[in-house]
Amino acid sequence: MNNDVIEVRTLSKRNAVTLTLLGSISLFTGLCLFIVWRELFVPALIFFSCGAVALVLGIAKRIEPEIVLRLAPEGLTFYHRRGQLTVAWDNVQRFDLLRIQHGIDWLTLPYLGIKLKAVNPLLDVISPRLATGLLAEQRSLVMTAVANDEDLQSLEHYLSAEFEPLVVNGDRYRGLLAMFGRRCLMLDKYLGFHLYIPTEFLPMAPQQLLKELKEYKVQQVFNSDSPK
């Protein structure tokens with residue numbers, strides 16, 4: 001019985017401390033040059049601008065969670081700077097990499113897609129703060145769905161109904177939960193998955209992660225079906 005917990009860590013936090021430190025020093029240097037040596041305006045502006053950019057990037061990297069995914073017997077947990085979300089294995093229909101058709105070719109986008117059996121358990125546990133963050137980050141996916149589908153009337157209907165209450169399997173959701181639920185259903189309809197996890201900062205190849213997820217899910221489903 002495989003009850004091991006697997007944690008997938010992000011690469012996005014690399015150089016976070018270095019950027020924060022260098023940014024602070026450069027920003028302070030620029031301020032000193034502005035105040036003490038007015039004739040060095042251009043170098044001061046360069047130090048100040050570069051320092052501000054580096055400091056913002058460093059702070060942004062530091063607030064990112066160190067762990068992106070956690071595979072455990074109870075489910076798959078996705079960590080985000082705005083919160084975390086756990087999906088039970090028995091609610092996962094399939095995993096795959098996001099692929100879209102471009103002419104006669106298929107393009108693989110840097111996302112791991114998760115198709116759920118039911119979206120209700122997701123809406124029942126997600127925090128409004130995390131839902132807001134994911135809604136903002138998924139704008140590029142919405143544009144991808146629009147660009148790859150010719151049924152513009154259906155997409156226009158979705159956009160016009162985005163702020164309306166949502167009823168799923170007899171459960172009624174309002175506000176942010178309704179917006180997020182409707183977004184999940186729309187992306188599933190046009191791109192094939194309810195949830196999307198970026199793969200660009202993962203420490204392994206997306207195909208390797210996909211393989212591990214599938215194997216872990218099969219093992220956990222087998223364990224749950226085995227007699228105690």
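Readers should treat all values here as calculations from the given coordinates under stated rules, not as data from a laboratory. As the structure is a computational prediction, the values presented were derived from the model and not from experiment. Counting neighbours? That spans all protein chains shown, and the Cβs are built from the backbone with ideal geometry, glycine included.
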> Within the range 166-228, which GluC sites (Glu not before Pro) sit in a loop by DSSP and count at most 15 neighbouring Cβ atoms inside 10 Å?
Replying inline: E200
> For V42 and E64, what is the calculated FRET efficiency with R₀ set at 30 Å and r taken between the beta-carbons, to the nearest 0.05?
Replying inline: 0.35
> Are there any helices in the chain, counted as whole DSSP H runs, that stretch 24 Å or more along their axis by Cα and score at least -1.0 on average by Kyte-Doolittle, and if so which?
Replying inline: 16-36, 41-63
> Charges only on Cβ, +1 for Lys and Arg, -1 for Asp and Glu: so what's the dipole of the chain about the Cα centre, in debye to the nearest 20?
Replying inline: 560 debye
> How high is the relative contact order of the range 74-139, given as a whole-number percent (alpha carbon pairs under 8 Å, six or more residues apart)?
Replying inline: 30 percent
> Given only helices, namely DSSP H runs of n ≥ 4 each adding -39500 (n - 2.57), what is the per-residue ellipticity at 222 nm of the chain, to the nearest 500 deg cm²/dmol?
Replying inline: -16500 deg cm²/dmol
> What FRET efficiency comes out for the pair D96/D4, r = Cβ-Cβ distance, R0 = 22 Å, nearest 0.05?
Replying inline: 0.40
> Highest GNM mean-square fluctuation, the chain, Cα pairs closer than 10 Å: which of W106, W89, W37?
Replying inline: W37
>> Bin width 10 Å, origin at 0, all Cα-Cα pairs of the chain: what percent of pairs per bin?
In response: 7, 25, 28, 20, 12, 6, 1, 0, 0
>> Let me check against my output: what whole-number percent is the relative contact order of the chain, with C-alpha pairs under 8 Å and at least 6 apart?
In response: 21 percent
>> Over the chain, with a Gaussian network built from C-alpha contacts below 10 Å, which listed residue (L166, L69, L45) shows the highest mean-square fluctuation?
In response: L45
> Once the other residues with Cβ under 13 Å from the Cβ of Y173 are scored (Lys, Arg +1; Asp, Glu -1), what is the net sum?
Replying inline: 0
>> Using +1 at the C-beta of Lys and Arg and -1 at the C-beta of Asp and Glu, which of M186, L166, V218 has the Cα lying farthest in the positive direction of the dipole of the range 162-228?
In response: L166
> Among A205, S49, P110, which residue has its Cα positioned farthest towards the positive end of the charge dipole of the chain, with +1 placed on the Cβ of Lys and Arg, -1 on the Cβ of Asp and Glu, and the dipole taken about the Cα centre?
Replying inline: S49
